[in-house]
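Everything below concerns the one structure shown next.
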Amino acid sequence: MSRSLLPTDLTLWLGRLTSAIFLGGQILIHVISKPIHRRNTLEQMAAVGPQSVIITLVTALFVGMVFTIQVAREFITFGATTAIGGVLALTLSRELAPVLTAVVLAGRVGSAFAAEIGTMRVTEQIDALQMLKSDPVDYLVIPRVVACALMLPLLSIMAFITGMLGGLVVVTNLYNIPTTVFLNSARNFLTTWDLASALIKAVIFGVLIAVIGSSWGLTTTGGAKGVGQSTTTAVVTSLLAIFISNFFLSWIMFQGTGSAFIGN
C-alpha cells in the first residue's frame, strides 16, 4: 500500500510546487500594479521580526561559539592565529547568518503562514474574502512576503553580530587571543560584498519562505488533518528551497579562484 501512495503524494507535492511558482508570478505583478496593505504588512513585520529575535540570536551565538572552537584549535596548531576572526566573519556573513536565520524563520514563520492561511481555506474564510471582492493575494500573501523580505535581512545582520560576539568570547577566554587580533582579522578579511551577499541571500530566502508557506496554505484541503499536513510539507519544502537556492546563489556570487586571504 505504501508503494501505491508514493506516486500520489509526489504528484500532489509537484502540483502544489507549481502553484507556488505561479503564485510568485502573481505576487510580482500585484506588487508592481497595486498598492500594498500597510496595516497588514506592519502586523506581519511585527510577527516575523521582533518575535523571532530571541531564537535567532541564541542560535547565532552558539553557532559562532562552536564554529570558533572547531577552527581555533586547528589554526593555533598551524600558527594561523591571526586568521581566526577573519574566517569566522567570512563564514557567518556568506553562509551561516543568512542560512541559519532562514532555517529558523522557515520553522517558526513559514509553518505559521501555512497553518493560518490553511485554516482560513478549510473554514471557507478565503471564499468569503473573494465574495467581498477582496483578493486573497493582496490581502493575505503580499504583506507576508514583504514582511519576510524586509525582516530577514535585519535578523541576519543581528545574527552575524551575535555570532561574532560569541566567537570573541571563546577566543579571549578559552584561547587567550587578544580582542584586537580577533577584530583586526575580521576587519581585514571582510569586504562590503560579503555583507551585501548576506543581505541578498536573506531577501531571497525570505521571499521563498513566505511564498511557499502561503501557497501551501491556499492549497490546503481535508480539514484539520489537511492543515497539519500542509504545515509540515511547507516547512520541509521551504528548507529544501533554502538549501538548493543557497547553492546556486553561492556559486554565482563566489565562483572563481580568488581568495579573501590574499594580502592578509
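A few notes on this one:
- Point-to-point label distance, PHE243-LYS34, nm (Cα→Cβ direction, 7 Å offset): 3.5
- Sorting the segments 166-173, 17-24 by their mean number of nearby beta carbons within 10 angstrom, highest to lowest, gives 166-173, 17-24.
- Taking GLU43, GLU116, GLU124 and counting other C-beta atoms within 10 Å, the order from fewest to most: GLU124, GLU43, GLU116
- Förster radius 22 Å - calculated FRET efficiency between GLN51 and LEU165, Cβ distance, rounded to 0.05: 0.50
- Nearest 10 degrees, 0 to 90: helix 179-189 Cα axis against the chain principal axis: 60
- Here the Karplus curve 6.51 cos²θ - 1.76 cosθ + 1.60, taken at θ = phi - 60°, turns the phi angles of region 160-172 into couplings of 4, 4, 5, x, 5, 5, x, x, 5, 4, 5, 5, 7 Hz, with x standing for Gly and Pro.
- Within the straight-line cut-off of under 16 Å between alpha carbons, the aspartates and glutamates reachable from LYS34 are ASP135, ASP138, sequence neighbours fewer than 8 places apart in one chain being disregarded.
- Packing-based order for 47-53, 148-154, using average beta carbon neighbours within 10 Å, highest first: 148-154, 47-53
- Start at zero, step by 10 Å, and the Cα-Cα distances of region 160-234 spread as 16, 26, 19, 18, 16, 6 percent across the bins.
- The chain - Rg and Dmax from Cα coordinates, angstrom: 21.2, 70
- Rounded to the nearest 20 debye, the dipole magnitude of the chain is 40 debye, with +1 charges on Lys and Arg beta carbons, -1 on Asp and Glu beta carbons, and the Cα centre as origin.
- Shape descriptor for region 131-185: Rg over Rh equals 1.45 (Cα atoms; Rh from the Kirkwood inverse mean 1/r).
- Rg of the Cα atoms in region 14-164, relative to 2.2 N^0.38 Å, amounts to 1.35.
- The mean sequence separation of alpha-carbon pairs under 8 Å and at least six residues apart, normalised by the residue count of the chain, gives a relative contact order of 32 percent.
Read-outs throughout are calculated quantities, based only on the coordinates presented, and are distinct from any laboratory measurement. The structure presented is a predicted model; accordingly, all values stated were derived computationally and were not measured. Don't worry about glycine lacking a Cβ; one is built from the backbone with ideal geometry, like all the others, and counts go over all protein chains shown.
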